[in-house]
Structure formats: structure tokens, C-alpha cells
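The structure appears right after this line, and notes come after that.
The values are calculated or read from the model by the stated rules, or taken from the named source; none is laboratory data. Keep in mind the model is a prediction, meaning the values are calculated, not measured. Positions of Cβ are backbone-derived with ideal geometry, glycine not excepted, and every protein chain shown enters the neighbour counts. Please note that ligands, DNA and RNA were not included when accessible areas were found on the heavy atoms of the full protein model with its side chains. Shrake-Rupley method; radii C 1.70, N 1.55, O 1.52, S 1.80 Å.
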Amino acid sequence: VNPNGELLLPEIGFFSVKGNTTQEIKSQLLEKYEEVIINPKIEVTIYKYRPLNIYVGGEVNRPGLYKLDYNKVNLDVRENNEFDFANSGNKITPNNFPKLFDALQKVDGLTNKADLSSIKIVRKNSKTLGGGTIKANINLIRLIKNGDQSQNIRLFDGDYIFIPESENILLDQIIDINRTNLNPREIRVFITGNVENPGSKNLRQNTSLVEAIMAAGGKKNSTG
């Protein structure tokens, strides 16, 4: 697919596929080729996925535009370097798709006000289903607490992910989130006062106050 979203095909020339699903492309190509081929039989297969561009906003440490890649899989290539679609090992499975958890791992952690029980996702709707946009609410806490992977949905190009602010800071939720790999392994804190080695320290996630003081060399004598 060229930068203009077109395929160059025999007999019909440039054909726009931008914004269409593979099934929509197949239906349109069948109509086009009926003019030049008797009983055309056409299959549309994605040879390679380009990275997704998504936006993550709300209660995250680094909101912004992010790029997510599909997991690499082996290609089945014939001796003449033609791709064998029928017997290809390059089949995209649910394990290859970038998912919500993958996106949240990119934002350098969540704020203490993040409400993961009501994540909002806005997505472009396919033309067949009416176009426009569709919205969904995802409860990722069900994944963190109960391992419910149905909440870890597949992402599509152009998705907008918004993490809302919780009205009440939920300590249990913060602890659960900090135990996962959603947040960075290390945090940076500044320790000052009556300690041996004051200054900035990189500490592992979930470090206690006592451990942080010890990382600064411990408290000096006559500490209040």
C-alpha cells in the first residue's frame, strides 16, 4: 500500500484501500474485476502490518502519541522468493496484536489518581458498520486482580486511550498497580536532612521509607 493508501493492480490501475477492512476491499475488488474477469475469485490478505499510532492521555506520567509494533513472526517464502499465502507461517494471531496493557507500559507509569476501572477508548468505526467513532469503557482492574484478559483488548491504528481521574484515591488500587509491570521498576526520590548521603536516589518500586533512609546511608546521630 503506497503512502496515498492505494494498491496498483492489473487491469484496474490504482485502487484506494485506505480506511477499509480486508472484507470491504475484497467486496469492492470483486465488483471492479467482474468487468474484466469472468467469475473472479479474489482473496485479500495482509502481508505485513505497519506499526500502530495511538494516543494515551489522562492520568499517566507521559501522555502523548505512541507507536506500537506487531510481534514478529516467521515468514514462509518459496525458493523463487514469492510469498506463499496459503501455507504461510506469517499468520497474525491474537498473541501478535498490540493490546491495551502494551500501550500503558509505554507511558512511564500511572499517577496515584488513575482510575483503571473506567478506561475510555475511542476508535474509528469501519464504513461497513456505519463509520464515525465508537467508544468503550474498560475495567483493567479486573485483569490486575483476577487475570481477566478479556479486558486487555486489541488496539487499532488511531485509537485514543484516556485514563480518567478517580474521585477518591484508592490505596488498595495503587498498591495493586505498583505491584504490576505497568509502572517502571525504579522510582527517583530526593532524600535530605540529617542523613549520611543526601540527594537524589533511584529506588526500586514499593521501597519503604526506612529502606529509602538506609539507601541514603542511614540517619545521623541526634536525629529527631
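Screening the stretch 140-191 for residues that are within 22 Å of N125 (Cβ to Cβ) and hydroxyl-bearing (S, T, Y) and picking the one that is surrounded by the fewest Cβ atoms within 10 Å (Cβ to Cβ) gives S150. Of the candidates E43, E79, E59, the single residue that is open to solvent by 50 Å² or more (accessible area, probe 1.4 Å) and at pLDDT 85 or above is E43. The residues on offer are N146, N137, N125, and the sole one that is within 17 Å of G57 (Cβ to Cβ) and more than 15 Å from the chain's Cα centre (by Cα) is N137. One residue stands out among those in the stretch 197-224 that are among the charged types (D, E, K, R) and open to solvent by less than 100 Å² (accessible area, probe 1.4 Å): the one that is nearest to R62 (Cα to Cα), which is K201. Within the stretch 149-161, the set of residues being more than 12 Å from the chain's Cα centre (by Cα) and in contact (Cβ under 8 Å) with a residue 24 or more places away in the chain comprises just one member, Q151. Within the stretch 22-33, residues that are under 16 Å from L129 (Cβ atoms) reach partners that are open to solvent by 50 Å² or more (accessible area, probe 1.4 Å) and not charged (D, E, K, R) with beta carbons closer than 7 Å, at six or more positions or on different chains, in the pairs T22/I46; E24/T128.
Residues in the stretch 193-224 that are part of a loop (DSSP other than H, G, I, E, B) and small (G, A, S): 7 in all.
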